[in-house]
Amino acid sequence: MKIGFVATSILGLIVVLNACTKDRMPTLVELDNQLENSIQGKSPNGTLDFYVLPNENDLHLIPQDPKNPLTPQKVELGKLMYHDTGLGQDPMKEAGRGTYSCASCHVSEAGFRPGNFQGIADGGVNFGIGGEDRVKNTLYSDDELDVQSARPLSMVNVAYVSNTFWNGQFGGGNINEGTEDVWDLRDDTELNHLGFEGIETQNMDGLIAHRITINKELLDEYGYTFLFDQVFADVPVEERYTIKTASLAFSAYIRTILANRAPFQDWLKGDREALGYEEKKGAILFFEKAQCIQCHYNQNLGSSEFHALGVTDMDQIPSYNTSPDDRRNLGRGGFTLQPEDNYRFKVPGIYNLQGANFFFHGASKTSIRDLVEYKNAAQSENSRVPQDLISSKFKPIGLTEEEKYHLIAFLENGLQDPDLKRYVPTSVLSGNCFPNADEASQLDLGCN
């Protein structure tokens, strides 16, 4: 009788303990083990190391164009010119001269994206704290602005992007092999014949498109000539002080902009306290239930895939110099001219989303929560995009409110490098205010 009572009590205790074990919150160590297993199972080479970004000073570890090897001097030259408003010498109006730079549209505080929904270089005024107050100069008409009709992509971790732009049009290799028949249809993609990789090719076009001036006289005036002579000593003098060589320096610098101090990076390198409970839960969701890793699987947590998600185009919100007929609205199809590629856009890297404020090519979402909600519901919002072209990977996920909270914590905090300002110079050779130098920006930036 007593033995049976004891046995029953023990059995009941075991059931209660099992129930408690099932319902209790996992320990941080258990989350670490689960996350490690998840990453190893999804990593292309089965290791955590695949996702570790190199130190920006270990140039030999950074992916680079064989035709544009990285050197410390070239990186430093590019860093200075990228931010120098003194090189903005081809404005549409005199009021814009010397007031803009590449960094006008790729602001470090915004993850090297525009602080506002559109990037405005020439023709823009104001800055704010992180570029969020950048607006049109009233002296310019919309069609005189240097403004992009698709939201500029981040420069962070671009070293891991083989073909740049939302449609991947720049760079002759990798995914653009086999597209040669369309390169000569446009002046920008004709540059793919030069054989450089994506960011190098894009910058050769971009410096001209964004009204940057590079010539011997200007470089002499600001003191850049000596640096060009150091970096490009093997280039004939008559070809040395050009848009082409400058673009190589710009690209070298951009390749070193790496979010290697993000908490997730520290966790990958062994610091298991770098991520908190919410971030670890969110990271596990990223690699498992939320299915983010299906598309965001490269080292930069982006990929060279293109998908139609049916998001709103830039011209469908109040914006400058946009049109329903803009080829950028067609995504990959605007480059390849293949109907099956229409409305498909590149999978971007997702580090440093804090401060970005606008998401997708049309800047249609204004918070990371909006982005997660859209992906979770998987409902196209753009009537222009035929349902039969919507990506097969764009399916409802079914995250709970708690799971969405955890995923957002990982995206917002776990992937945030807190010190991108280390990639910004303390001054530029022209002596100008930067990244903008119009009067309002100078006040915002404290340059006076």
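Since every read-out is calculated from the coordinates, none of them should be taken as a lab result. The shown structure was predicted, so the numbers you read here are calculated from the model rather than taken from an experiment. Virtual Cβ from ideal backbone geometry, glycine too; neighbours counted across all protein chains shown.
Here are some notes:
- If you take all other residues with their beta carbon under 14 Å from the beta carbon of F359, and give Lys and Arg +1 and Asp and Glu -1, the sum is +1.
- Over all Cα atoms in the chain, the spread is summed up by Rg and Dmax: 24.5, 104 Å.
- Order of L420, L411, L28 - criterion: other Cβ atoms within 10 Å of each residue's Cβ, fewest first: L28, L420, L411
- Here the Gaussian network model covers the chain, with springs between Cα atoms less than 10 Å apart; of D326, D341, D388, D388 fluctuates the most.
- Computed from point charges on the beta carbon alone (+1 for Lys and Arg, -1 for Asp and Glu), the dipole magnitude for segment 217-295 about its Cα centre is near 660 Debye.
- Restricting the calculation to Cα atoms, segment 82-134 yields a radius of gyration followed by a Dmax of 10.3, 30 Å.
- On the principal axes of its alpha-carbon atoms, segment 146-203 has extents of 28, 26, 15 Å, going from largest to smallest.
- Separation of segment 75-128 and segment 32-67, taken as the distance between their Cα centroids, equals 32 angstrom.
- Partners for K42 among aspartates and glutamates (Cα-Cα distance below 17 Å; same-chain residues under 8 apart left out): D32, E288, E305
- Summing Lys and Arg as +1 and Asp and Glu as -1 over all other residues whose Cβ lies under 12 Å from the Cβ of L53 gives a net charge of -2.
- Pairs of Cα atoms farther than 21 Å apart, segment 66-195, %: 52
- Shape analysis of segment 330-444 yields a ratio of the Cα radius of gyration to the Kirkwood radius, Rg/Rh, of 1.09.
- Positive-end ranking of L87, F112, T189 along the dipole of the chain, with charges on Cβ about the Cα centre, is headed by F112.
- Summed side-chain charge close to E278 - residues other than E278 whose Cβ falls under 12 Å, Lys, Arg +1, Asp, Glu -1: -1
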